[in-house]
Amino acid sequence: MKKLAMMAVLLILSGCNLRVLDPKSQTASDQAFLIYLSFGIMMFVVLVVTILFIGFIWKYRETEKNRYDIPKHEEGNRTLEIIWTVLPIILLIGLAIPTVMITYDVSDIGATSDDTLHVNVVAEQYQWTFGYENGKETHKNLVLPVDQEVVLHLTSKDVIHSFWVPKLGGKIDVLPGEENQMKITPNEEGTYQGKCAEYCGTLHTDMRFETEVVDQEEFQQWLEE
Ligand SMILES: [Cu+2]
């Protein structure tokens, strides 16, 4: 009982500041759209199957009249076969097209413009280093300008970490010896919690950080400080 109560408390406390599906960037909005789309398609399938299931149970229930009937044997039904082959294909195409488009767009670093901001994100046990183009470095706070395209270049010095700011985008692995990239355009000012989402050692929890999205002027000022 005590254990259960403690687990409940942990669950409630741990969920405080890392809210998912509350997008504050274009990338996060696109990803949220994909989640809602796949959930919608899934619920549609569940609904249709449930209605048919209940309908058939009712239609073919035992009654006084049919108790001793032997059902006619159906040797395949072309219309039905076509429907349940084609319908899932259509649903999957409807899911695949936006998924591929958004996934490629989020990681299409080649399509950036001249005023894209590039930030080097280096993970190590147990801290992040956010490096800007003018040489400025921070550890606990990643500061980004609002409404500007940002490309994060993510690498690790040791083990596998995972960069995660739920309100700005999904998790992305940070690997040693390899660079992963992520394109985000924050569209609302504010402070968003971030963390390492891959257990990387004893002080893994130290890898929390804050992402501050500020207006352009404030950002330039901060950058030159
Ligand atoms: Cu880590």
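A few notes on this one:
- For region 174-197, the set of residues classified as more than 20 Å from Glu137 (Cα to Cα) and open to solvent by 70 Å² or more (accessible area, probe 1.4 Å) consists of Gly177, Glu178, Glu188, Glu189, listed by residue number.
- Given (1) open to solvent by 90 Å² or more (accessible area, probe 1.4 Å); (2) within 30 Å of Ile184 (Cβ to Cβ), index of the condition Ile70 fails: (2)
- For region 120-157, a residue qualifies if it is within 12 Å of the ligand (Cβ to nearest atom) and not in a strand (DSSP E or B), and the qualifying residues are Gln125, Tyr126, Lys157.
Yes/no matrix, rows are residues, columns are (1) surrounded by 15 or more Cβ atoms within 10 Å (Cβ to Cβ); (2) part of a helix (DSSP H, G or I):
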| site | (1), (2) |
| --- | --- |
| Leu18 | yes, no |
| Ala28 | yes, yes |
| Gln31 | yes, yes |
| Leu37 | yes, yes |
| Thr50 | no, yes |
| Ile54 | no, yes |
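- Counted residues, region 79-107 - those being surrounded by fewer than 13 Cβ atoms within 10 Å (Cβ to Cβ) and of a type in the set (Ser, Thr, Tyr): 3
- Qualifying residue in region 30-51 (condition: without any contact (Cβ under 8 Å) to a residue 12 or more places away in the chain and touching a Pro at 6+ places or on another chain (Cβ under 8 Å)): yes
- Filter pass, Val151 being more than 20 Å from the chain's Cα centre (by Cα), within 24 Å of Val20 (Cα to Cα), open to solvent by less than 30 Å² (accessible area, probe 1.4 Å) and aliphatic (A, V, I, L, M): no
- Considering region 131-147, the residues that are surrounded by 14 or more Cβ atoms within 10 Å (Cβ to Cβ) and without any contact (Cβ under 8 Å) to a residue 40 or more places away in the chain include one that is nearest to Arg208 (Cα to Cα), namely Thr138.
- Under the condition of being under 27 Å from Asn187 (Cβ atoms) and open to solvent by 30 Å² or more (accessible area, probe 1.4 Å), the residues counted in region 199-222 number 10.
- The test for being more than 16 Å from Leu168 (Cβ to Cβ) and within 21 Å of the chain's Cα centre (by Cα) holds for Thr99.
- Per-region count, region 166-197, residues within 14 Å of the ligand (Cβ to nearest atom) and within 15 Å of the chain's Cα centre (by Cα): 7
The values are calculated or read from the model by the stated rules, or taken from the named source; none is laboratory data. Since we're looking at a predicted model, the values are computed, not measured. Cβ sites come from the backbone with ideal geometry, for glycine too, and all protein chains shown count toward neighbours. The protein model used for the area step is the full one, side chains on, heavy atoms only, and it has no ligands, DNA or RNA in it. Shrake-Rupley method; radii C 1.70, N 1.55, O 1.52, S 1.80 Å.
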